[in-house]
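Worksheet: the structure to be examined is printed underneath.
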């Protein structure tokens with residue numbers, strides 16, 4: 001109902017539309033309309049009212065509200081259901097809980113204005129202050145095998161990098177899924193944490209958590225992050241409207257996920273290569289399970305998303321590990 | 001404390017031991033001893049008491065009590081912590097919840113006398129009546145990659161098959177993890193359901209759920225299971241004491257898991273081959289994700305646990321699927 005009222009107000013543009021007209025069009029009482037308008041105002045919509053003329057939207061907030069994000073999204077899978085929260089512990093934790101208990105469908109998106117316990121890889125905490133970033137999770141229920149799930153994280157990186165470039169940020173992907181501001185010392189713009197619950201040959205759900213530093217200035221980062229953290233604000237020198245930017249990410253994710261369902265991950269890897277800043281570089285590798293450290297040249301990724309590294313005569317396949325690009329001498 | 005009292009009573013054998021002696025040895029009050037004895041009786045221990053002589057164990061119940069299972073187990077990893085329950089929804093669900101919330105360690109075992117919502121693969125319900133089976137889950141926190149986790153299910157099958165043969169059941173493993181009664185029309189003795197929670201390159205936990213039909217007679221199975229279900233009772237024609245049998249499974253699991261940590265899964269695959277009833281047979285395969293159906297000869301498993309099937313000139317690698325052995329003509 002709220003969405004329908006918003007659509008009516010939106011389509012009226014700058015014109016006022018009377019409560020009676022809204023009530024008649026939607027077949028509910030004027031009192032119900034009045035209550036919904038109140039809710040919308042509480043949610044951050046600036047809705048003007050004039051006793052003779054009715055209502056109009058004075059301004060749409062750049063708040064990450066499900067109704068706003070859904071508007072004109074035309075999602076096939078990713079974004080068909082969207083939940084927005086003011087504050088959560090972590091959108092991944094919330095997503096996993098809802099996936100377990102409420103059976104939310106393939107493509108469900110959860111977004112929060114603030115995370116109080118945002119987490120990155122290896123249980124590291126992830127800085128996610130209110131209103132200045134986009135902290136969200138996407139729940140997927142793919143029918144491919146659990147072994148394929150890690151590639152979802154590369155798919156997510158492609159979606160974010162594509163949307164960032166379209167929004168004017170010079171960026172690239174460092175294998176496997178870091179989005180770096182290539183115009184500003186490769187500062188890190190985004191964190192991605194993919195988790196899954198699976199049986200031996202069947203995925204229950206994959207949760208892709210994505211945290212994007214949007215309108216955070218350098219001074220707003222905690223001191224220990226200031227050296228390496230970046231944001232779209234720092235990259236572009238201006239603020240980004242979050243709702244249309246998130247919509248664009250979701251559209252890319254939707255497109256890529258449909259591609260995976262039809263053709264597998266090979267086209268995703270192809271697109272990943274276009275955004276890569278790792279391939280062709282001399283890199284240092286720290287193996288995650290082995291803790292082995294070595295250097296070599298990143299030459300390609302294979303169709304599993306593994307990084308192929310030339311070490312002397314030998315080509316090593318890096319499935320998991322921390323990779324850093326060696327500064328050019 | 002209960003475990004200590006049990007050990008004192010056990011070491012006294014058929015002799016009585018006074019409450020005062022127990023209290024002094026353990027440095028607690030006689031009232032405390034009296035309360036613990038009461039608890040032990042409630043848990044199913046038949047403890048005799050004579051006002052002059054004190055206490056002795058008249059009979060130890062064949063109940064799946066943590067204290068009983070721990071007794072003389074000498075676990076390295078699997079079984080170092082054991083939780084027993086009278087009744088749970090499903091030991092896998094309980095194990096996952098405790099792994100999420102209580103950070104239970106690598107090798108923790110959960111066992112229940114009854115599951116009210118036992119589940120098998122593909123969300124099928126799993127018949128798990130009270131007191132006649134062994135329904136348990138093992139929580140592992142291995143440091144190998146998520147891609148390796150499916151092999152845990154083959155490791156579990158080896159442990160169960162080894163313990164079953166030692167207990168006198170003619171049985172073998174049908175790929176990947178069904179334990180069949182080869183003496184009675186390949187009736188199914190055991191269900192194994194392996195689940196995991198993982199990040200892209202790191203396992204949070206693996207839960208191996210194992211359900212074993214121990215002392216269930218054919219008539220006790222629901223009608224729809226009667227054609228294919230088997231039990232150790234049907235296989236051997238006599239009851240099996242559950243505690244020592246479960247202990248033996250846990251010892252095998254502990255041994256195999258230590259081997260994996262030291263040498264990887266190759267030795268497990270070697271042992272799996274010894275118990276296999278699939279290799280060398282003509283089989284039908286239904287691919288799980290593709291639903292493709294075909295026939296061929298099972299020739300081996302590779303070190304990933306995948307089944308190698310010769311189909312005409314071609315060798316296909318079956319990673320996931322339902323396999324049935326074709327009756328010989």
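Only the coordinates and a few stated rules stand behind these numbers; no lab work does. Computed from a prediction, not measured in an experiment: that's the story for all the values here. Cβ atoms come from the backbone with ideal geometry, glycine included; neighbour counts cover every protein chain shown.
Translational diffusion of region B:30-90 was estimated from the Stokes-Einstein equation, with Rh taken as the Kirkwood radius over Cα pairs; at 20 °C and 1.002 mPa s the coefficient is 159 µm²/s.
Its Cα gyration tensor gives region A:182-246 an equivalent ellipsoid, and the semi-axes of that ellipsoid, as √(5λ) in whole Å with the largest first, are 31, 15, 10. What are the distances, in nm and sorted shortest first, from the label point of residue B:63 to the label points of the same position in each other copy, with each label point placed 7 Å from Cα along the Cα-to-Cβ direction? Nearest first, the other copies' label points are 5.6 nm away. Extension gain, residue A:76 to residue A:26, is 15.4 nm, computed as 0.36 nm per intervening residue step minus the present C-alpha separation.
Inter-chain Cβ neighbour count for B:203-214, averaged per residue, equals 1 (cutoff 10 Å, partner chain atoms only).
Its residues counted as N, region B:264-329 yields a C-alpha radius of gyration over 2.2 N^0.38 Å of 1.09. For region A:181-241, relative contact order (Cα pairs under 8 Å, six or more residues apart, normalised by length) works out to 34 percent.
What shape does region A:1-158 take by its C-alpha gyration tensor, where a ≥ b ≥ c are the square roots of the eigenvalues and a/c under 1.5 counts as rounded, a/b above b/c as prolate, and the rest as oblate?
On the way: a/c = 2.76, a/b = 2.06, b/c = 1.34.
Prolate, because a/c is 1.5 or more and a/b exceeds b/c.
Computed from the alpha carbon atoms alone, the convex hull of region B:158-300 holds 148 Å³ per residue. In whole percents, the pair-distance distribution calculated for region B:2-59 from its alpha-carbon pairs, binned every 10 Å from zero, is 25, 66, 9.
Pair-distance distribution P(r) for chain B, from all Cα-Cα distances in 20 Å bins starting at 0: 29, 53, 15, 2, 0 percent. What separates the residue B:103 label point from its copies, with the point 7 Å along Cα to Cβ, is 3.5 nm, written shortest first. Using a cutoff of 8 angstrom between alpha carbon atoms and counting only pairs six or more residues apart, the relative contact order for region B:36-162 works out to 18 percent. Within 10 Å of the Cβ of each residue in B:187-199, the mean number of Cβ atoms contributed by other protein chains is 4. Shortest first, residue A:219 label-point distances to identical copies amount to 8.5 nm, with the label point at 7 Å from Cα along Cα→Cβ. Simple spin-label estimate for residue B:2 and residue A:224 gives 4.2 nm between the two label positions (7 Å along the Cα-to-Cβ direction from each Cα). Helix B:30-42 and the longest principal axis of the C-alpha atoms of chain B enclose an angle of approximately 40°.
Legend: mean number of C-beta atoms from other chains within 10 angstrom of residue C-beta atoms, peptide B:146-156, equals 3.
For the Cα trace of the protein assembly as shown, dividing Rg by the Kirkwood Rh returns an Rg/Rh value of 1.05. Here the Debye sum runs over all C-alpha atoms of region A:226-282 as equal scatterers in vacuum, and log10 of I(q)/I(0) at q = 0.21, 0.25 Å⁻¹ comes out as -0.98, -1.01. Give me the percent of DSSP beta bridges within the protein assembly as shown that run antiparallel, rounded to the nearest 5. The answer is about 90 percent antiparallel.
Using a cutoff of 8 angstrom between alpha carbon atoms and counting only pairs six or more residues apart, the relative contact order for chain A works out to 13 percent.
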